[in-house]
1. Among 183/203; 109/153; 48/176; 48/254; 202/279, which pairs are too far apart, with a Cα-Cα distance over 21 Å?
2. Provide the solvent-accessible area of residue 229, counting protein heavy atoms only and rolling a 1.4 Å probe, rounded to the nearest 10 Å².
3. Count the net charge of all other residues whose Cβ sits under 13 Å from the Cβ of residue 286, scoring Lys and Arg as +1 and Asp and Glu as -1.
4. Give the Cα extents of the chain along the principal axes, in whole Å, largest first.
5. Using the Kirkwood radius over C-alpha pairs as Rh, can you work out the diffusion coefficient of the range 202-272 via Stokes-Einstein at 25 °C, viscosity 0.890 mPa s, in µm² per second?
6. In what order, largest first, do 177, 49 sit by accessible area if the probe radius is 1.4 Å?
7. Could you compute how much accessible surface residue 97 exposes when probed at 1.4 Å, giving the result in Å² to the nearest 10?
8. Could you point to the residue in 23, 158, 292 farthest towards the positive end of the chain's charge dipole, with +1 and -1 charges on the Cβ of Lys/Arg and Asp/Glu respectively?
Amino acid sequence: FGNTMDLPRPEMFDFHGVHMTHYFTDNWEKVQNFKARPNDIVVATYPKSGTTWVSYILDLLHFRQTDAERENTVPLDERVPFLEFFMPSLYTPGTEMADMLSTLLASSKLTFLFSLCPSPSGSRAAGYSNILRHSNKIFSFSAEIVYVARNAKDNVVSYFHFDCTEKIQPEPGDWKSFLQRFKDGKMVFGSWYDHVCGWWEKKQMYSNIHYMFFEDLVEDTGREIRGLCSFLGLSPSEDEREKIRGAVQFDVMKANPLTNLEDDTTLDFSISQFMRKGKVGDWKNHFTVAQNEQFDEHYKQMMKNATLQFRTEI
Ligand code: A3P
């Protein structure tokens, strides 16, 4: 499929109160009817917060010992299908791949996944309650959900570079307007604030949600792998865990075409690698002093009552 790069960039539209492009809604009927099984694991994230990293860790934890081939031959985005992504010409729809796998690992960026559970009225999540009627069959909440969140400043920087690189994302515009759009929540998959806060609220109520932070992963990957194991009831040997920790380091994943997603022809690698920097604090190279002050002010308004704390440096 050689002409992917020539595809026009998609427009965003309002989809049940969340900005989306058709790539994530064209298969909606199937997404709606998809039902996870009790031992399935779904990696839930806002875009650019560590989906690939955590998906790879989970894939290695589950399959490394039983299926060594998988790690060396199958691109990561096929091992852990992205459920709502639909681009038949290039990518087998996530819902169909998911049906074929025996133990499912999958990823989703749907903001409103969590509205499957009743939410206290007046909470951020309540804003999405209208989606409930449409999506209450997506996930039986017997599946394990691993949620990964990343601080807003690094998240928006990463998202900006990604949208410049990823030709099937909407036109990114310049950095200044992108930052404004992020603050306004007019991004594919909606508002970062709603996403991270909504899942945080749900985590307080449901024991099958494991809430992780990108910054913690950078600080101590081994500790976070142990945390995942204890959440999922896995007990790999220390040696095995150590091997996985080594395999998921940024430089190792960047050098690996299957995790750097080098088979993905919609990414323009002349602009950026998929595995770009993998740092905490790269926002300092992008925000002006004024942008930072305005961002902090806006952030305080948006996160007013949240017990949710992010680190913008480690
Ligand atoms: P940067 O653009 O800041 O480099 P997602 O997988 O959700 O799209 O997130 C992508 C971000 O996670 C990118 O951030 C990418 O470099 C970073 N990332 C992926 N694997 C990583 C790893 N092993 N170590 C550190 N960062 C990683």
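The values are calculated or read from the model by the stated rules, or taken from the named source; none is laboratory data. Values in this document were obtained by computation on a predicted structure and should not be read as measured data. We place every Cβ from the backbone using ideal geometry, glycine too, and count neighbours over all the protein chains shown. All accessible areas refer to the heavy atoms of the entire protein, side chains included, with ligands and DNA or RNA removed. Shrake-Rupley method; radii C 1.70, N 1.55, O 1.52, S 1.80 Å.
1. With Cα atoms farther than 21 Å apart: 183/203; 202/279.
2. 10 Å²
3. Details: positive: 153, 176, 276, 277, 279, 284; negative: 154, 174, 282.
So the environment of residue 286 carries a net charge of +3.
4. The Cα atoms of the chain stretch 51, 45, 41 Å along their principal axes.
5. Details: Rh = 14.5 Å.
Using the Kirkwood radius from Cα pairs, D works out to 170 µm²/s.
6. Details: 177 55, 49 0 Å².
Listed by decreasing accessible area, they come as 177, 49.
7. Solvent-accessible area, nearest 10 Å²: 20 Å².
8. 292
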